[in-house]
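This report concerns only the one structure given below.
The values are calculated or read from the model by the stated rules, or taken from the named source; none is laboratory data. It should be emphasised that the depicted structure is a prediction, and the values quoted were computed from it without experimental measurement. Reconstructed Cβ throughout: ideal geometry from the backbone, glycine too, with neighbour counts over all protein chains shown. The protein model used for the area step is the full one, side chains on, heavy atoms only, and it has no ligands, DNA or RNA in it. Shrake-Rupley method; radii C 1.70, N 1.55, O 1.52, S 1.80 Å.
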Amino acid sequence: MPIDRPAATSSRPLIPDLLRRAEPAFSFEFFPPKDDSAETLLWESIRRVEPVAAFVSVTYGAGGSTRDRTVRITGQIEARTTLTTMAHLTCVGASVADLRSVIGAYADAGIRNVLAVRGDPAGGLGTPWTPHPGGLDHADQLVGLVRGLGDFTVGVGAFPDRHPESASLADDVEVLVRKADAGADFAITQMVTDVDAYLRLRDEVAQRRPDFLVVPGLLPVTAYGQLQRMTKLNGQPLAQSVLDRLEAVQDDPDAVRAEGIAVCTEHAGRMLQEGAPGVHFITMNRSTASLEVVSNLGRRANVPAAS
């Protein structure tokens, strides 16, 4: 049965509507904090992005390990801020009954936007995917479950440089189309370091589903080695041109940070000029670098600057 939705947040815009506005939709990704000090930092970051954010999202840990904290933090953001929130949901280690329970908790918190992803294998990238015996095997099944349980909008993941288990770009496009057919409204990519790769994926999907929006994910690099650590987690290759720029200044932490923000600004600006509906910033729970990029974009074009 569908889950009855509370009316408390019904006036907040839905993410597909935010992405279709004339101005770029800047969104920010956070993860659940591990302790009280980390939670304080998280809330400071959320409050700082609130004036410029179209929406924010809260991730799951590996294997769904932070599920309860994700539900709690996402609900608190929904209740304590003016922000539109997006909750993450994965199939990893969860039965359909577990998933229904989490979706119900999101509904109880007034959350109307869910990012539905299969998730990485429990053993990490490169190990075989094994679904929970009572669970789901693919993200399109999860999309269908969420859409069948209430008045949710659903986003999905996308891989600008191919999913680690995919044979080709055509396969990735086919997967995204299946997710759209199941009821997904938009996709958010893994970290983009090659703008052309994002544009290829976006354009190929648009030929099949012109109404389906693909939002690029970007990480403003603030320390040398950050990109390399991220690619171990998401399986996406790194653009050599970006690595070369960071390697040229790797011995100067301030220069690495400045170059990382410059690269992120350039990539965001080009993708927005090419028609991307917005940019999804991977914040690592710190807002300063992402807000600097937003401010830089505001100086370059008609984009709201960070306060």
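Does region 242-288 classify as rounded, prolate or oblate by the C-alpha gyration tensor (a ≥ b ≥ c root eigenvalues; a/c under 1.5 gives rounded; else a/b over b/c gives prolate, otherwise oblate)?
Oblate, because a/c is 1.5 or more while a/b does not exceed b/c.
Can you give the accessible area per residue of the chain, in Å², using a 1.4 Å probe?
43
Can you give the extra length, in nm with one decimal, that the chain gains between residue 174 and residue 286 once fully stretched, where that is 0.36 nm per residue apart less the Cα-Cα distance?
Taking residue 174 through residue 286 to full extension adds about 36.8 nm, to one decimal.
So between residue 80 and residue 208, what do we pick up on full extension, going 0.36 nm a residue minus the alpha carbon distance?
Separation in residues times 0.36 nm, less the Cα-Cα distance, equals 42.1 nm.
Kindly express, to the nearest 10 degrees and within the range 0 to 90, the angle between helix 36-49's C-alpha long axis and the longest C-alpha principal axis of the chain.
Computed tilt is about 70 degrees.
Scan the chain and hand back the longest stretch that contains none of the trypsin sites (Lys or Arg not before Pro) lying in DSSP loops with at most 16 other Cβ atoms within 10 Å.
35-285
Note down the relative contact order for the chain as a percent, whole number, built from C-alpha pairs under 8 angstrom at least six residues apart.
20
Would you please classify the overall shape of the chain from the alpha carbon gyration tensor, given that a ≥ b ≥ c denote the square roots of the eigenvalues, rounded means a/c under 1.5, and beyond that prolate means a/b larger than b/c while oblate covers the rest?
rounded
Where Lys and Arg each count +1 and Asp and Glu each count -1, what net charge lies around residue 224 among other residues with Cβ under 12 Å from its Cβ?
-2
Would you mind counting up the charge near residue 13? Only other residues with Cβ under 12 Å from its Cβ, with Lys and Arg at +1 and Asp and Glu at -1.
+3
From the Cα gyration tensor of region 153-233, with a ≥ b ≥ c the square roots of its eigenvalues, which class applies: rounded if a/c is under 1.5, or else prolate if a/b is larger than b/c, or else oblate?
It comes out prolate by the Cα gyration axes.
Quick check: net charge around residue 134, other residues with Cβ under 15 Å of its Cβ, Lys/Arg +1 and Asp/Glu -1?
-1
Using a Förster distance of 25 Å, how high is the FRET efficiency between residue 166 and residue 38, based on the Cβ-Cβ distance and rounded to 0.05?
For residue 166 and residue 38, the calculated efficiency is 0.15.
State the percentage of accessible surface on the chain attributable to carbon and sulfur atoms; use a 1.4 Å probe and exclude ligands, DNA and RNA.
That fraction is 49 percent.
Considering the chain as a Gaussian network with a 10 Å cut-off on Cα pairs, which listed residue, 277, 133, 220, attains the greatest mean-square fluctuation?
For the chain, modelled as a Gaussian network with Cα springs under 10 Å, the answer is 133.
To the nearest 20 Debye, how big is the dipole of the chain about its Cα centre, given +1 on the beta carbon of each Lys and Arg and -1 on that of each Asp and Glu?
The calculated dipole for the chain is roughly 620 debye.
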